[in-house]
1. List, please: which pairs have Cβ atoms under 6 Å, are six or more places apart or on different chains, and start with a residue in segment 81-100 that is at pLDDT 85 or above and hydroxyl-bearing (S, T, Y) and end with one that is part of a helix (DSSP H, G or I) and surrounded by fewer than 18 Cβ atoms within 10 Å (Cβ to Cβ)?
2. Identify, by number, the condition in (1) crowded, with 19+ Cβ neighbours inside 10 Å; (2) within 23 Å of M189 (Cα to Cα); (3) of a type in the set (A, V, I, L, M) that L2 doesn't meet.
3. Does K8 count as open to solvent by 30 Å² or more (accessible area, probe 1.4 Å), within 20 Å of E134 (Cα to Cα) and in contact (Cβ under 8 Å) with a residue 24 or more places away in the chain?
4. Look through segment 152-171, keep the residues that are closer than 15 Å to M123 by Cα and assigned to a loop (DSSP other than H, G, I, E, B), and return whichever of them is modelled with the lowest pLDDT.
5. More than 16 Å from the chain's Cα centre (by Cα), of a type in the set (S, T, N, Q), more than 24 Å from I42 (Cα to Cα) and open to solvent by 40 Å² or more (accessible area, probe 1.4 Å): does that describe Q149?
6. Among the candidates A142, A174, single out the residue that is touching a residue at least 60 places away in the same chain (Cβ under 8 Å), surrounded by 16 or more Cβ atoms within 10 Å (Cβ to Cβ) and part of a strand (DSSP E or B).
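The values are calculated or read from the model by the stated rules, or taken from the named source; none is laboratory data. Bear in mind the structure is a predicted one, so any value in this text is a computation, not a measurement. Neighbour counts are summed over all protein chains in view; Cβ atoms, including those assigned to glycine, are modelled from backbone coordinates with ideal geometry. Calculation scope for accessible area: heavy atoms of the full protein, side chains included, ligands and nucleic acids excluded. Shrake-Rupley method; radii C 1.70, N 1.55, O 1.52, S 1.80 Å.
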Amino acid sequence: MLLENPSKKQIKEISAQIAPKLITHPVFMFYCKNSDNRQKFIEDYFNYYLQKWSKTELIFTNDSRDVIVTLVDINNYHTKNKGIAASKLKKYKNPYANVSYHQGNVAYLSEIVAPANINTKIMTVYATLKYSAEIKKIVDEAIKIAQEQNFMIVYETFSKKSIDLMTKKGFSVAYEKQFSTTQYFETVMTYYKHDWSEPAKLIKEFKPIVIDKEPEETDKNDNNNDAEYQE
């Protein structure tokens, strides 16, 4: 369901509910190397970004808060963070730098795979495939809005196991490559209801975006990028 005009109290509750379910999510394993701090970091992450994006972007969740999906305009995805909630997030020095690095990379790739003359939103799925049924429902809802409002969706994932689910929903792989020097394999997919003159193509080489800091080394004990799907 679409989360419309949530209060700060509601955002705080949602953040606390979903944080423990995302401890082994590959993106948050990359963001926060220290597993002891990861749940609190995730909670602070959503406390900030849900407040920030609820004003202008689309946020979806389910009643039990197992899944959060965001659709963020490509021009608003990687912007300067400010405010009290942002200061709480910035206290996690390395994780915060990793968030900025990753978001910059996703925004850069999205600008490459999406034609300049098409409105584009970046979709992020915060959930494990344990909740695949709920993910499918929310992605269908996001696709319906994209069709009605005529914008392209760019989806990025560190999990190879998510690719099949999105392919069945009509997404096409536009880019796939190891993410920087990490163990994670990054895939970017696109969805658009119309054909366009320059379809998204697999990008084998590209000039890396220049960001303040290279990502921190991933904890070798974190296993692989599909760790959260081991049941």
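1. Pairs that qualify, where the first residue is at pLDDT 85 or above and hydroxyl-bearing (S, T, Y) and the partner is part of a helix (DSSP H, G or I) and surrounded by fewer than 18 Cβ atoms within 10 Å (Cβ to Cβ), are Y96/K90.
2. Failing condition for L2: (1).
3. Considered against the rule, which asks whether it is open to solvent by 30 Å² or more (accessible area, probe 1.4 Å), within 20 Å of E134 (Cα to Cα) and in contact (Cβ under 8 Å) with a residue 24 or more places away in the chain, K8 comes out as no.
4. S159
5. In short, yes.
6. Being touching a residue at least 60 places away in the same chain (Cβ under 8 Å), surrounded by 16 or more Cβ atoms within 10 Å (Cβ to Cβ) and part of a strand (DSSP E or B) holds for just one of A142, A174, which is A174.
Table: residues versus (1) open to solvent by 10 Å² or more (accessible area, probe 1.4 Å); (2) assigned to a loop (DSSP other than H, G, I, E, B); (3) in contact with a helix residue (DSSP H, G or I) (Cβ under 8 Å, 6 or more places away or on another chain).
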site	(1), (2), (3)
A85	yes, no, yes
L89	no, no, yes
H102	no, no, yes
V106	no, no, no
L109	no, no, no
A116	yes, yes, no
I122	no, no, yes
